[in-house]
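J.: What follows is a structure written as structure tokens; I'll ask about it next.
The values are calculated or read from the model by the stated rules, or taken from the named source; none is laboratory data. Everything numeric here is computed off the predicted structure, so don't read it as measured data. Cβ atoms come from the backbone with ideal geometry, glycine included; neighbour counts cover every protein chain shown.
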């Protein structure tokens with residue numbers, strides 16, 4: 001695919017674009033998407049501003065967390081200095097206030113916001129775009145039926161419900177509503193004429209396939225919604241020999257879940273087979289992923305990390321629900337799906353024991369990953385901003 005910059009040289013020049021997102025202390029998928037929208041807008045000649053509740057050093061944070069070299073000149077509006085992860089709870093409540101401050105000072109032509117719909121947006125006079133990442137809050141909707149949530153997580157769920165009228169106002173009329181996947185859109189009901197699916201940007205060069213070993217990886221935040229305990233139970237039923245690496249960031253409020261996984265590994269007798277890597281250095285992560293053969297994942301609204309692994313020839317085995325199943329592996333066309341622990345263990349054993357089978361699906365995974373490149377995302381975002 002051609003570089004989007006060569007297609008439309010500075011196509012957004014003259015536009016003032018405000019990008020609004022929480023920019024959490026430990027950034028996730030939404031922060032990555034919105035950061036890339038900032039990069040694309042700057043590269044295309046727009047005058048760009050970013051707003052969040054807690055102030056970050058944009059240049060160093062974009063480079064550290066997203067691998068983005070942000071050009072100078074981007075304006076930044078915030079309310080408070082950068083604080084502990086525990087203050088992330090204030091993001092949904094106060095982001096609208098930060099947004100109002102930025103609107104008043106920057107006077108944007110276009111506002112692109114991640115997830116939320118604050119009433120202040122309707123008074124901005126700007127064209128409004130919302131990128132919807134997690135329409136039903138997976139943490140509270142999915143996991144509470146299958147995982148015992150901690151007291152803190154239950155309180156957080158009630159807090160989100162309590163402030164929903166502030167963070168999700170039905171008074172705001174968006175010019176475009178973008179969804180991260182068809183599965184995410186399906187959860188919200190009927191498609192409106194101005195709704196659109198734009199898959200997130202994936203760095204398909206993040207990991208490189210090297211000397212492959214019988215290693216299985218799980219990559220993502222240590223959180224109940226990742227369902228790592230389900231994977232551990234399935235792995236305990238496997239007959240073949242392999243190693244497992246569960247890698248992810250570990251915020252302070254998730255340590256109880258992490259310790260429960262450590263105990264489960266011990267109780268299931270998996271101490272020699274399974275290793276947990278909290279807050280793993282990037283160089284070590286690259287080493288593990290580049291050498292692994294299989295990755296596991298549960299329900300996701302998209303699953304950027306899995307696609308990054310697929311680009312390195314890692315074969316995905318995903319839960320038979322969610323965007324990874326519906327949008328990424330297309331219900332078995334580009335990877336494997338499971339519903340039970342027994343089914344998971346059988347698929348793992350089949351792939352690990354058959355090099356020819358693994359090689360076939362590894363090639364399929366690499367080709368599929370190319371469909372979700374950052375270049376494709378950039379082209380679609382440029383067209384979106386030009387159309388409003």
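J.: Just to be sure, is residue 274 surrounded by fewer than 17 Cβ atoms within 10 Å (Cβ to Cβ) and within 18 Å of residue 217 (Cβ to Cβ)?
T.: no
J.: Here is a follow-up. Determine if region 28-40 includes at least one residue that is out of contact with any helix residue (DSSP H, G or I) (no Cβ under 9 Å at 6 or more places or on another chain), under 27 Å from residue 301 (Cα atoms), crowded, with 16+ Cβ neighbours inside 10 Å and modelled with pLDDT under 90.
T.: Yes: region 28-40 contains one or more residues that are out of contact with any helix residue (DSSP H, G or I) (no Cβ under 9 Å at 6 or more places or on another chain), under 27 Å from residue 301 (Cα atoms), crowded, with 16+ Cβ neighbours inside 10 Å and modelled with pLDDT under 90.
J.: Under 20 Å from the mean Cα position of the chain (by Cα), at pLDDT below 95 and either under 28 Å from residue 346 (Cβ atoms) or not assigned by TED's automatic domain parsing to the domain that holds residue 327 (or both) - does that describe any residue in region 235-247?
T.: Scanning region 235-247 turns up no residue that is under 20 Å from the mean Cα position of the chain (by Cα), at pLDDT below 95 and either under 28 Å from residue 346 (Cβ atoms) or not assigned by TED's automatic domain parsing to the domain that holds residue 327 (or both).
J.: Another question about this same structure. May I ask you to list the residues in region 102-118 that are surrounded by fewer than 15 Cβ atoms within 10 Å (Cβ to Cβ) and in contact (Cβ under 8 Å) with a residue 12 or more places away in the chain?
T.: 105, 107 - these are the residues of region 102-118 that are surrounded by fewer than 15 Cβ atoms within 10 Å (Cβ to Cβ) and in contact (Cβ under 8 Å) with a residue 12 or more places away in the chain.
J.: So if I check each of 51, 74, which one is over 23 Å from residue 254 (Cα atoms), surrounded by fewer than 20 Cβ atoms within 10 Å (Cβ to Cβ) and modelled with pLDDT of 85 or more?
T.: 74
J.: Out of 381, 317, 299, 348, report the one residue that is more than 26 Å from residue 186 (Cβ to Cβ) and buried (at least 18 other Cβ atoms within 10 Å of the Cβ).
T.: Step by step, each of 381, 317, 299, 348 is checked, and only 348 is more than 26 Å from residue 186 (Cβ to Cβ) and buried (at least 18 other Cβ atoms within 10 Å of the Cβ).
J.: If you don't mind, there's one more thing I want to ask. Residue pairs, Cβ under 7 Å, 6 or more apart or interchain, first in region 343-360 and at pLDDT below 95, second assigned to a helix (DSSP H, G or I) and surrounded by fewer than 14 Cβ atoms within 10 Å (Cβ to Cβ). List them.
T.: Once the first residue is at pLDDT below 95 and sits in region 343-360, no partner that is assigned to a helix (DSSP H, G or I) and surrounded by fewer than 14 Cβ atoms within 10 Å (Cβ to Cβ) comes close enough.
J.: Out of all the residues in region 201-257, which are buried (at least 21 other Cβ atoms within 10 Å of the Cβ), in contact with a strand residue (DSSP E or B) (Cβ under 7 Å, 6 or more places away or on another chain) and part of a loop (DSSP other than H, G, I, E, B)?
T.: Matches in region 201-257: 220, 222.
J.: Filter region 162-200 down to residues that are without any contact (Cβ under 8 Å) to a residue 40 or more places away in the chain, more than 19 Å from the chain's Cα centre (by Cα) and either outside any helix (DSSP H, G or I) or surrounded by 14 or more Cβ atoms within 10 Å (Cβ to Cβ) (or both), then give me how many there are.
T.: So the count comes out to 7.
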